[in-house]
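I have placed the structure first, in the form of structure tokens, so that the comments after it can refer back to it.
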Amino acid sequence: MSFFSRLFGGSKSESKAPSAKPEEYAGYLIYAEPRKNGPQWQTMGRITKDFDGEVKEHVFIRADTHGSEEEAITFTLRKGRQIVDEAKDAIFDQ
């Protein structure tokens, strides 16, 4: 493992769970991709939407941690729905 990989936490495959099937919500796809952080799982996900063939993506990471991957996935999907409800397409303007 290289110096930078050790410094920044290794490769993506080592630091987060495999991508789950997305949840469709109000025209968006929400991907729950919690990251393993020591013994805990950290809230992490992506929201995508297709705009006439161009897929835009918003990645979100929260400080919330969970004792199991399943709990983290459930919370991440709920957080993703909340983000969509509150911000809608504005999440892609950042």
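Things worth noting here:
- Pairs linking a residue in the stretch 66-81 that is under 12 Å from Gln42 (Cβ atoms) to a residue that is in a helix (DSSP H, G or I), with Cβ atoms under 8 Å and 6 or more positions apart or on different chains, are His66/Ala72; His66/Phe75.
- Meets criteria (within 14 Å of the chain's Cα centre (by Cα), part of a strand (DSSP E or B), in contact (Cβ under 8 Å) with a residue 24 or more places away in the chain and closer than 17 Å to Pro22 by Cβ) for Ile47: yes
- Test result for Thr76, polar (S, T, N, Q), part of a helix (DSSP H, G or I) and modelled with pLDDT of 95 or more: yes
- In the stretch 57-67, the residue that is surrounded by the fewest Cβ atoms within 10 Å (Cβ to Cβ) out of those that are of a type outside the set (A, V, I, L, M, F, W, C) and closer than 14 Å to Pro22 by Cβ is Glu57.
- On the stretch given as the stretch 50-73, residues that are more than 18 Å from Glu24 (Cα to Cα), part of a strand (DSSP E or B) and of a type outside the set (S, T, N, Q) total 5.
The values are calculated or read from the model by the stated rules, or taken from the named source; none is laboratory data. Keep in mind it's a predicted model, so treat the numbers as computed, not measured. Note: ideal-geometry Cβ built from the backbone for every residue, glycine included; neighbour counts use all protein chains shown.
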